[in-house]
Amino acid sequence: MFVLVEMVDTVRIPPWSFHRQLNDAIAEELNKKLANKVVYNVGLCICLYDITKLEDSYIFPGDGASHTKVHFRYVVFHPFLDAILVGKIKGCSAEGVHVSLGFFDDIIIPPESLQQPAKFDDAEQVWMWEYETDEGTHDLYMDQGEEIRFRVVDELFLDTSPTGPSTEKEAPSAAGPTAPPAGVEDAAAPQKEAPYTLIGSVSEPGLGLLSWWNS
């Protein structure tokens, strides 16, 4: 689930940190830059593990800070495919069951990967498993906060780097720009997407809500 990734970066140390040990100052700057950030195609950075090599430091004209090329290893959350994880249900929607590990929330189990037959209760906003027994069918709800065991079946990285300005020019309005009415959200506004998402499955025996299997 956690891996060590070798990285290289040039770290800028401001002049007011020159009194500190170089390794300590570099470690703080690296954690400020990377901790709790997603690196594309790498994973969620957790914390610095160690510094393996420091190259020469330079001070460039017009900048009183030092710049040091650093080779280091970082602890990264990046579970391998088919890994079995235990999380808690954060919520449900028509897209599936949303799961949290506490430090990572962008996990979704799509409807086709739930125990079947499953159905979504629009009124309660919850998924349920229609469990069949000799006495009939019982609805087992996937309530928020329940612990769930799931298998990682896919992952999705999204490049969220800033893009350049649009080349399309909008025609100027004679009346000038107008603001939307108060309380009305702009439906055309882009939704913020997660840079790293895990896709899970609980459709296999032995997976699913832990309370079901322990009862």
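The values are calculated or read from the model by the stated rules, or taken from the named source; none is laboratory data. The structure displayed is predicted, hence computed values, not measured ones. Here Cβ is always computed from backbone atoms with ideal geometry, including for glycine, and neighbour counts include all displayed protein chains. Accessible surface is based on the protein model in full, side chains and every heavy atom, while ligands, DNA and RNA are left aside. Shrake-Rupley method; radii C 1.70, N 1.55, O 1.52, S 1.80 Å.
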Is segment 33-42 home to any residue that is part of a strand (DSSP E or B), closer than 30 Å to Leu209 by Cβ and out of contact with any Pro (no Cβ under 6 Å at 6 or more places or on another chain)?
no
State which residue pairs qualify: first residue under 12 Å from Ala94 (Cα atoms) and modelled with pLDDT of 75 or more and inside segment 122-138, second residue among the polar types (S, T, N, Q) and open to solvent by 50 Å² or more (accessible area, probe 1.4 Å) in any location, beta carbons under 8 Å apart, and separation of 6 or more residues or different chains.
Val126/Gln144
Taking segment 23-64 and keeping only residues that are open to solvent by 80 Å² or more (accessible area, probe 1.4 Å) and either of a type in the set (Phe, Trp, Tyr) or over 27 Å from the mean Cα position of the chain (by Cα) (or both), one is left with Asp24, Tyr40, Tyr49, Thr52, Lys53, Asp56, Tyr58, Ile59, Phe60, Pro61, Gly62
Looking only at residues in segment 25-69 that are of a type in the set (A, V, I, L, M) and touching a Leu at 6+ places or on another chain (Cβ under 6 Å), which one is farthest from Val5 (Cα to Cα)?
Ala27
Take the residues of segment 69-120 that are in contact with a Phe, Trp or Tyr (Cβ under 8 Å, 6 or more places away or on another chain) and of a type in the set (Lys, Arg): which is nearest to Ile148 (Cα to Cα)?
Lys119
If I go through segment 6-22 residue by residue, how many of them are in contact (Cβ under 8 Å) with a residue 40 or more places away in the chain and either open to solvent by 60 Å² or more (accessible area, probe 1.4 Å) or not β-branched (Val, Ile, Thr) (or both)?
10
Matching residues, segment 99-118, being modelled with pLDDT of 90 or more, closer than 21 Å to Glu204 by Cα and either open to solvent by 30 Å² or more (accessible area, probe 1.4 Å) or assigned to a strand (DSSP E or B) (or both)
Val99, Ser100, Leu101, Ile107, Ile108, Ile109, Pro111, Glu112
Flag for Phe77 being among the aromatic types (Phe, Trp, Tyr), surrounded by 17 or more Cβ atoms within 10 Å (Cβ to Cβ) and out of contact with any helix residue (DSSP H, G or I) (no Cβ under 9 Å at 6 or more places or on another chain):
yes
